[in-house]
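Novice: Sending over a structure as structure tokens; questions will come in a sec.
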């Protein structure tokens, strides 16, 4: 039995790997070790660890290592403590492979702990292009990883150009799309009850509504509040119902939250509802019904392509990420944003595109993990 | 005045950047901030911090963050604590640019702290190829760095192929060669007094002698002691005088030390002398006089090319590093090693090659640091 | 000039030492070094660091070391990182004396860093008795401290019984009372504007109102939410206007917050207003006007005695702390609490008692710091 | 089954608790959890973890947390990282009681982690008096501990005077004496082979020999090298054979080592042998045979009283520790030390005294651990 240790550090991480966890558990020759850490163990980010346990997985270790502050400084420090904690876990669990997801700052801690301790590293969502520090983190992880699971050919080609051995690069699709696929295949939930949670007005989801989801761009730390104000002003200008999501915990989160809190105290908040966290299955169903998703969340581009959600993508955060026809790109300017929203309201839902996966990534990943034995010593191919 | 913060984590780091420090201090529009840390603050690695101060530099911060143990686990942990300590230093010193050197495990802490805190990062010695975890670290640092100072065109081309903006890549030569050049331009020291230091016999340096310098390859952790035994056996077999250097502090150091201690207790140690640390100027002069340098130190390949030292390079540590005519590569096998040593004893000193620099890297680096203003947001070029 | 380094880790710390900071700055032979850390640097606890700077003090270092989670586990970890960060600060600032305040978990980090680094330690608020882990922390700090500044004779006697040298124990009064004294000597503020901050109804402060301030008792971690529900039920039962304060950041904080959030969503919240943080000057004025202060805050007992505030003190948190006539003690039971509140509403304001100080502690402390040179080696007196 | 977690951080810790470990394992209602950490996991302190496993115990966790440097600064930092690592271990092992030993700096990490996490703490060797920072640490641990196991009545009385509940204080004797007792009851080893280990001359143990064991006094950091030179000069002056032991890893260790290294290079080293670590059983047998034990090790006072070893105790480190007739106290002065040694050479072995135990502490400790259920909330008794 090969021990595969999956490290989950955020709610987004979990939905990006959940389908793979099921396939690892089912697999004859794989054993799952699960470390839940960073924001995924915190109540104020929705206690993802408990959701994971409720889904039937056994959590091997819960690690607390986020330093309060949400500044660039604490982001560096949290990664440092993450290295301390994760290395102890790996030392005890002795995994045969570590599987890490995406490009968040704490993912770097997983990567370094595994690499320094001579444990082969597998990586999903590599090879893509985006803005923020995630861009550097993602490619740096690629340079440490022994097995690559990019979502599509574009990403896979980039990994190979980065000097990785083509035989270590496996185009499997994004496991997140597996999950979206399974949600949309089920009977839809009665979404009217969701407004018992969160704060704000009860919206009528049978009518036109917008979702706003905007996260910090760490390299634009000083403009984050103004940027969020532009987005909120555009929403107000459109006059449509809106679901507003709080930002993730990256450095600068507090600034975006502040802009949200200010709008919440105005009359414009009348047709708005504010959620800290939405269960992914609810979020995906909302994406399938909303008139437009606004902001800089990668979900608009990735899941949006598969679901066909009309998206207004703002600013640099998703810069150069491969996108489908469903996305309109705009700057942090209330006028531009409002105009793009109107275009999308007119356009309606787009046809599904599978540029980020076909819904069957998990079984491919599990099989490759079971059969591959990468050499621990990497060497650039050129 | 632009504040350039240079982080020095080991004795090797210092000699690889010393010429640049002088040029930064001399430069009209640059201010030097110097952080000395990791093994460079420790007495048992020769108290490099004091050497630096004795050379006239002002040390802004001394940071202690190496966890005792010298295993892969403590290497990961030391990097984590390095992140905690370095981020505090950067927060206080507020540098405009951080300059990091090479590819040691603690260098990664400098890199992440700077990158996460939105401080532009300059990097020397990137783009080269080698073995061990250094290979991954080096390329990962490249993916975070904003200004690249490779030693030669081969390395520069590799950095560009890694997706870096060619305008950020400056072929300057290795500053270590500047230092070697200045040492060899001075009147030679009387080396006979060096045997008052270290442990073992007094050697006659007017006669043929060998230097052995072998460091841990972290990815071959379990074989390190046996490998060192092969090298020592080869030295014994050759019957020539030998200077044996203790290994650096990477994971596995203890195993190599153990092999040295065992040989020291045998009669074969009769014509050997053991040094923990040699001042670089002494080491370079010894390289210029020795009949052969044996082991896996990068100095054989880098400085060796410039000096013309005959080198027997063992195993994977310098794998694929660009080398001159002065290097013979062999496996960890006493017979092979002994045979290569004999060849080099016959060959004598080689002509100087400048593949790692011409001795003028420092002024180029200082000028570029003074004039470049890189964008903090990086994006891969393809 | 003697360098006195004061470490402030929370809003409460600041108001407990503010008068001393002024006297140190004014003193001829003292120089102030100020480290602000833990919750005192965090926006969500009111950014105390900025208040301190706005009051004219120069902050030498801001340190981030609270691990998110607010569990017993993260409390231990935060203290560990506090030790790492504070020791680096002390190493750089090289204080002649460190002054630490009270008994919070992060105060232990200040204590150990100073003690291990051979820096004499002065301590305010030692020798008192209370519940929670603070009880152990306080006495342990006494065993490390070289200069003791207890608030009253009762506390001073206890410090001497703990084996401390009587000549190191100085009864000075609590500097917090200095601050209360200065606030109440000034012209009162127009408090009606405070309801622009916080959340909830606008209260009429010319009519009877209650303050509820209840913090976690770490050793009763599992009952905290139920306990808070009892207190809130008692408030509702009394039917009077109420100001509800959010708890501090100790382990369990989240549970108390949860009880508050639930009551906020009910109709009972109609005559309530909720504050995250109140400026101390506002809080003291509210204490001077409120009909009753309910909960387990030490302010009811300490400042309350001086101000004459009627107090209903609930549960074990202030167990055995010396108290004046203004305090009624009750258990965590809605009925008991409600009955005690009614008694206090009838009683009205109490005469001032100076059992925690006379308002002139700061000048005494500054003078003693300037003139005392304690031996670094402590020995128990029996 | 009650889970008792014992934390061992040094070689000395192990021999101070070994007899208790056996009794816990044998006990019907106790389960042993063993954490080995700090210097006890390091090769250069003799890899105590492996000795423990060789003795048949199962190690639950090995934790690396010593920062290299051996200065007051790194001592503080090591304690901080110890808190991080130990709290994770306790979180996973969920012990019912933590048992901590003595008064070393890393012991404080065990104490705080347990206390903050609401785990009852038992403590051996409390209530004694000594010099160095250990003096403060020991009494501070007492203020956190829930069950006290002092070695004798003198120590027990002091614990009660510190305000501890008398019912929590159990005079059991020191478990180290149990171990000494068992060693001396066995057939003596052939000690002539020990000189195959360590460095230096082969001594004739049938003739008069001295043992020198001197450790750093952290509060006298700057004089440590000179102090050790005095001791070594005294040894040389006496002209007798000597076994010299290297110091423990406290801050300043490097300075004492330096003095040893210098003497080792002189002719005076002719009748000396130097050991890094001696197995305790060997050390005890040497104590039973040596003409005199010189230095500042607590073993001279504690085990020395039971064994009857003539001891010359130097300086402040054992200040006020209760001692038997076998000890002569002197200052750090070569002349004084030499004179005291001569007196002891004349005196010969002393009669055994049981002031530190009768050899049966372990069974008492195990029984009390099995039957006591201390309240987690402590309160000072006065």
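Laboratory data are not the source of any read-out in this text; all were calculated from the coordinates shown. Predicted, not measured: the structure shown is a model, and the values here were computed from it. With ideal geometry, Cβ positions are generated from the backbone for all residues, glycine too; neighbour counts draw on all protein chains shown.
Novice: So what's the angle, to the nearest 10 degrees on a 0 to 90 scale, between helix D:105-116 and the longest Cα principal axis of chain D?
Specialist: Once rounded, the angle reads 0 degrees.
Novice: Given the alpha-carbon gyration tensor of chain B, what are the semi-axes of its equivalent ellipsoid in whole angstrom, ordered largest first, with each equal to the square root of 5 times an eigenvalue?
Specialist: Equivalent ellipsoid semi-axes, largest first: 34, 21, 20 Å.
Novice: Residue separation times 0.36 nm, minus the C-alpha to C-alpha distance between residue D:50 and residue D:153: what's the value?
Specialist: Difference between extended and current length: 33.6 nm.
Novice: Using only the alpha-carbon atoms, how far is helix C:253-264 inclined from the longest principal axis of chain C? Give it as 0 to 90 degrees, nearest 10.
Specialist: The two axes meet at around 20 degrees.
Novice: Answer rounded, prolate or oblate for the range C:222-286, using the Cα gyration tensor with square roots of eigenvalues a ≥ b ≥ c: rounded when a/c is under 1.5, else prolate when a/b is larger than b/c, else oblate.
Specialist: oblate
Novice: Of A:17, A:67, A:141, which is the most mobile in a GNM of chain A whose springs link Cα atoms less than 10 angstrom apart?
Specialist: Checking each option, the largest mean-square fluctuation is seen for A:67.
Novice: Return the average number of partner chain Cβ atoms within 10 angstrom of each residue Cβ along peptide C:84-97.
Specialist: Other-chain Cβ atoms within 10 Å of each residue's Cβ, averaged: 5.
Novice: Against the longest principal axis of chain C, how steep is helix C:134-144, in degrees 0 to 90 to the nearest 10, with axes from Cα atoms?
Specialist: 10 degrees
Novice: First check a/c for the range B:22-102, with a ≥ b ≥ c the square roots of the eigenvalues of its C-alpha gyration tensor; if it is under 1.5, answer rounded, and if not, answer prolate when a/b is larger than b/c or oblate otherwise.
Specialist: oblate
Novice: Please find, in a Gaussian network model of chain A (springs between Cα atoms separated by less than 10 Å), the residue of A:16, A:206, A:60 whose mean-square fluctuation is greatest.
Specialist: Among A:16, A:206, A:60, the largest GNM mean-square fluctuation belongs to A:206.
Novice: How big is the Cα convex hull of the range B:185-347 in projection, averaged over all directions, in nm²?
Specialist: 8.9 nm²
Novice: Could I ask something else about it? Counting only other chains, and only Cβ atoms inside 10 Å, what mean value do you get across the residues of D:106-114?
Specialist: Per residue, the average neighbour count from other chains is 4.
Novice: Calculate how many DSSP beta bridges within the range B:185-347 are antiparallel, expressed in % of all such bridges and rounded to the nearest 5.
Specialist: 10 percent
Novice: Based on alpha-carbon centroids, what's the gap between the range D:92-137 and the range B:324-380 in Å, whole number please?
Specialist: Taking the Cα centre of the range B:324-380 as reference, the centre of the range D:92-137 is 53 Å away.
Novice: Here is a follow-up. Jot down the radius of gyration and Dmax of the protein assembly as shown, Cα atoms only, both in angstrom.
Specialist: 33.9, 107
Novice: Restricting to the protein assembly as shown, compute how many DSSP beta bridges are antiparallel as a %, nearest 5.
Specialist: 5 percent
Novice: Also, I was wondering about something else. In what order do A:224, B:73 fall by count of nearby beta-carbon atoms within 10 Å, going from fewest to most?
Specialist: Result, fewest neighbours first: B:73, A:224.
Novice: GNM, chain D, Cα, under 10 Å: largest mean-square fluctuation among D:174, D:238, D:37?
Specialist: Looking only at D:174, D:238, D:37, the biggest GNM fluctuation is shown by D:238.
Novice: Starting from the 7 Å offset along Cα-to-Cβ, what nm value, one decimal, do you get for the label separation of residue B:185 and residue C:226?
Specialist: 8.1 nm
Novice: What does the copy distance list look like for residue A:191, label position 7 Å along Cα→Cβ, in nm and ordered from shortest?
Specialist: Inter-copy label distances (nm, one decimal, shortest first): 4.7, 7.8, 8.4.
Novice: Which semi-axes, in whole Å and largest first, does the equivalent ellipsoid of the range D:29-157 have when worked out from the alpha carbon gyration tensor as the square roots of 5 times its eigenvalues?
Specialist: So the three semi-axes of the range D:29-157 are 22, 19, 15 Å.
Novice: Defining a contact as two alpha carbons under 8 Å apart and six or more residues distant in sequence, what relative contact order in percent does chain B show?
Specialist: 18 percent
Novice: For residue B:329 and residue A:264, what is the calculated FRET efficiency with R₀ set at 60 Å and r taken between the beta-carbons, to the nearest 0.05?
Specialist: 0.35
Novice: Same structure again: Quick one: compute a quarter of the convex hull surface over the Cα atoms of the range A:172-217 and quote it in nm².
Specialist: 5.6 nm²
Novice: Still on this structure, I have one more. Mind pulling up the Rg/Rh value for the range B:268-365? Radius of gyration and Kirkwood radius, both on Cα.
Specialist: Using Cα coordinates only, the ratio equals 0.98.
Novice: Can I ask one more? Run lengths n ≥ 4 of DSSP H only: what is the helix-derived mean residue ellipticity at 222 nm for the protein assembly as shown, with -39500 (n - 2.57) per run over all residues, to the nearest 500?
Specialist: Dividing the helical sum by the residues of the protein assembly as shown leaves -12500 deg cm²/dmol.
Novice: Beyond 19 Å, how much of the Cα-Cα pair distribution for the range B:141-240 remains, as a whole percent?
Specialist: Percentage above 19 Å: 69.
Novice: Distance between the C-alpha centers of the range D:1-29 and the range A:10-80? Whole Å please.
Specialist: Computed from Cα coordinates, the inter-centre distance equals 35 Å.
Novice: Let me ask something else. Give me log10 I(q)/I(0) at q = 0.15, 0.26 Å⁻¹ for the range A:75-116, Debye formula, one equal scatterer per alpha-carbon, no solvent.
Specialist: -0.31, -0.88
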